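Right, one structure below, let's go through it.
Where a number appears in this text, it was derived from the coordinates with a stated rule and is not lab data. Everything numeric in this text was worked out from a predicted model, so none of it was measured. Every residue, glycine among them, receives a Cβ derived from its backbone with ideal geometry; neighbour counts consider all protein chains shown.
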Amino acid sequence: MFGVYDNKDGGGWNTTKDAYTSFVARPDRGKSAFFNNGGTAPRGSYQRGGFGGSGNSRWVEESRDDEDWSKPTQANERLEQELFAGGNTGINFDNYDDIPVEATGQNCPHHIDSFQDVEMGEIIMSNIALTRYTRPTPVQKYAIPIIKNKRDLMACAQTGSGKTAAFLLPVLSQIYTEGPGEALAAQKSGGQDNGKYGRRKQYPLALVLAPTRELALQIYEEARKFAYRSRVRPCVVYGGADIGQQIRDLERGCHLLVATPGRLVDMMERGKIGLDYCNYLVLDEADRMLDMGFEPQIRRIVEQDTMPPKGIRQTMMFSATFPKEIQILARDFLEEYIFLAVGRVGSTSENITQKVVWVEDGDKRSFLLDLLNATGKNSLTLVFVETKKGADALEDFLYREGYACTSIHGDRSQRDREEALHQFRSGRCPILVATAVAARGLDISNVKHVINFDLPSDIEEYVHRIGRTGRVGNLGLATSFFNDKNGNITKDLLDILVEAKQEVPSWLESLAYEHQHKSNTRGRSKSNIWV
Ligand code: AMP
């Protein structure tokens, strides 16, 4: 199956090299010039309809050389309803606005205070209005002008801070202004190289890498909103789902691709995706991708294929924490970047009330029931457990006790996971039992209570988990069950509680003191939270 596509990759590489040569020779080093029609890009050189005429792909039909990508396409009432019906629920910006933001780097562009302060074009502005985002969140205030100014960005932002729109808005805005450039011609001739109409390789202009399917889907949904009435077609590919279906969707056209690393490598090796013209690269939850062991795939995608190198492409990395490995990735992938710290890096929000309670393993279930009863039946509660087996067992237990609950973990099929999420979000099953990996990056705006039935072994994971509540300025509650088994997280947990001005149990202080003392004598430590 792979053999069919072998030659084509060679062809793609040549195109890329030519494009680089002509680009690098430009003295202005403006990244956008790479695809700017004003340059040598053969946007007009391709004959309209020259590729097979009628075409069964939306993109081939719609992407003509003379089109102005900055102008909105026709409105579609049904689609508009579908995309924007959800709206925003209960966002409490009063709490959120105080979050400090610090931008460091050479010639850092000034932040904005309203979406109107920066020129993002007609399409973006009308889609912002449709989403009913009235003003930018702190990360958006800083990241939007930085990205619009074509600067690389490393952003340490809180979960739920509005970081998805922070990168999607300026990236899409630039794509609308610049149009498809050479990618349009390459996409069409890629099809000819294949010799098979309808099996064309796609050349996305922007790539967003995310650690989990759920996060990838969320980013994709947000991208669909901001791509409404534009010529940009977003696609999403992730593992664990039918690849054939994803390939068929890609073949309908793909200008912005959201992907998990493993599945993208697969698509590249099958000759379905070429990154030769991918001028915008976003790594979302980069720390998590590394934790999940995706570094080889990420490097394969970014450094060992046909993606334009750093300095030519624009690269944005988002991460909740900034440990050493992320600093190295930033050094390798970013060019003269601006560092953005939103809130205190690695810290948790003061919007979340954090409680740590001592609960022996044998008492956890009954303690959980007490908590659930106290929070009220209808508030969304996310319960984290360590293992997939543990998740199933706890779900069964709660079910038998008469609670409407569901679960999400790596052994459940993609369909089951999506269904579980849907049931949770809609409130039909207001209790979701989850393992950490499965729940990463979920944007469920009104989670009231996060319960660490089992605490994680590292503090970064803790920060991510409790970040599921208190999102975008809402108040949230996080309760963690602690016992002898959690000794290794004691000190970091104490630091986080103190920093977020939370009540600290005295036993935790004593334990932390003991641990510190012990590890001082042994030589410690692992604390890769950046402060
Ligand atoms: P994120 O951090 O990207 O997962 O975003 C968290 C939530 O905030 C999502 O539900 C977004 O739709 C919402 N959101 C993002 N930006 C804004 C904004 N400027 N105004 C209101 N809601 C927003």
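One table, with the values for the structure above:
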quantity	calculated
Residue-span extension gain [Asn488 to Val504] - 0.36 nm each, minus C-alpha spacing	4.1 nm
Cβ charges +1 (Lys, Arg) and -1 (Asp, Glu), total dipole of region 224-331, debye	520
Difference of contour (0.36 nm per residue) and Cα-Cα distance, Gln106 to Asn373	90.8 nm
Residue pairs, from the table Lys388/Lys491; Lys148/Lys324; Lys364/Lys485; Lys355/Lys389; Lys148/Lys310, whose Cα atoms sit over 21 Å apart	Lys388/Lys491; Lys148/Lys324; Lys355/Lys389
Label point distance in nm, Thr73-Glu419, each placed 7 Å from Cα along Cα→Cβ	3.3
Square roots of five times the Cα gyration tensor eigenvalues for region 232-370, Å	35, 23, 14
Pairwise FRET efficiency - Asp117 versus Gln304, Cβ, R0 = 25 Å, nearest 0.05	0.05
